[in-house]
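The values are calculated or read from the model by the stated rules, or taken from the named source; none is laboratory data. Computed from a prediction, not measured in an experiment: that's the story for all the values here. Here the Cβ is made from the backbone with ideal geometry for all residues, glycine too, and neighbour counts use every protein chain on show.
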Ligand code: XMP
């Protein structure tokens, strides 16, 4: 598929049967493009790169090399899910890179949001390039480009864009879902057997939890954020109607709370201490340029509050951010 223009006659992929036809066509097309060569793919665990990885495994098997970089800013359970699905279930060649210390060391003390993003982006390219150089004979780069990436942002994909690779690492692109819209990518992903948790995953910024651990990232606050976020998502996932995006942010400030500890006489006594606050965001948006806060059931809010303050070390306050975009943005940074 060479054209970047979706043909007018192209049917929207809405059913498993249409998805299967698309998969069969793409498997053939990828085999024709790649021959017996190797393909490298940055597998973030997001919908698009996961669907492309599953499609490429089907087409070329162990000539696909997936690189999953754990930068320490992923949500709870994400690296484990990528390993389970791709390595254990699909039998893919998965190179898992634990780069947590490397990223967090580079980010230590950096509080400017744009500098944080730049460090994360640059470090990602460096890690990916290092892995690419270890492999012999790779000539192709798989990418989860989808149609809105082409029509709205000239093909630049923020969260798994490896377009900034150095000169000696220029590959021919393999972009099997580049003419599909997001909903179609999900139907194809389902047909390829990917789990719902992956196929219906909500959008997640490339810099990950880095933009939700505002200011200079510290490991203890990042861990608290990851735990609180997992609780928030688990509780909201129980709702029949879920907001488009929902998550926790833990800003870089502390406020007073009370901790109950046993005194010398064996009696519980309250002690004041400074703890972080967890902010819940829950929004609906159509095109992300605007977003509307979504009201959550009071019981859900209370459960999230009770669980976070009981289960997460260091958080003593839970707040709900019900701002709209504009004037706010969806993410805090
Ligand atoms: P904002 O905060 O700009 O977010 O209202 C709009 C949507 O974009 C996501 N987002 C990002 N995605 N890299 C990304 O890949 C980023 O740096 C980034 N910042 C925000 C955000 O989660 C929301 O869905």
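Annotations
- If the condition is being farther than 30 Å from residue 108 by Cα and touching a strand residue (DSSP E or B) at 6+ places or on another chain (Cβ under 7 Å), then the stretch 40-87 contributes 40, 52, 53, 56, 57, 60, 62, 63, 64, 65, 86, 87.
- All positions within the stretch 216-272 that are part of a loop (DSSP other than H, G, I, E, B) and either under 14 Å from residue 314 (Cβ atoms) or in contact with a helix residue (DSSP H, G or I) (Cβ under 9 Å, 6 or more places away or on another chain) (or both): 216, 217, 218, 238, 239, 242, 243, 250, 251, 252, 253
- Within the stretch 215-253, the only residue that satisfies the criterion of being within 12 Å of the ligand (Cβ to nearest atom) and more than 16 Å from the chain's Cα centre (by Cα) is 243.
- Among the candidates 39, 57, the residue that is assigned to a helix (DSSP H, G or I), touching a helix residue (DSSP H, G or I) at 6+ places or on another chain (Cβ under 9 Å), at pLDDT 95 or above and under 15 Å from residue 141 (Cα atoms) is uniquely 57.
- Within the stretch 110-127, considering residues that are farther than 25 Å from residue 168 by Cβ and surrounded by 13 or more Cβ atoms within 10 Å (Cβ to Cβ), the one nearest to the ligand (Cβ to nearest atom): 117
- Residue within the stretch 75-82 that is within 27 Å of residue 36 (Cα to Cα) and either in contact (Cβ under 8 Å) with a residue 60 or more places away in the chain or not in a strand (DSSP E or B) (or both) present: yes
- Residue count for the stretch 244-255 under the criterion of being surrounded by fewer than 20 Cβ atoms within 10 Å (Cβ to Cβ) and free of Cβ contacts under 8 Å to residues at least 60 places away in the same chain: the result is 3.
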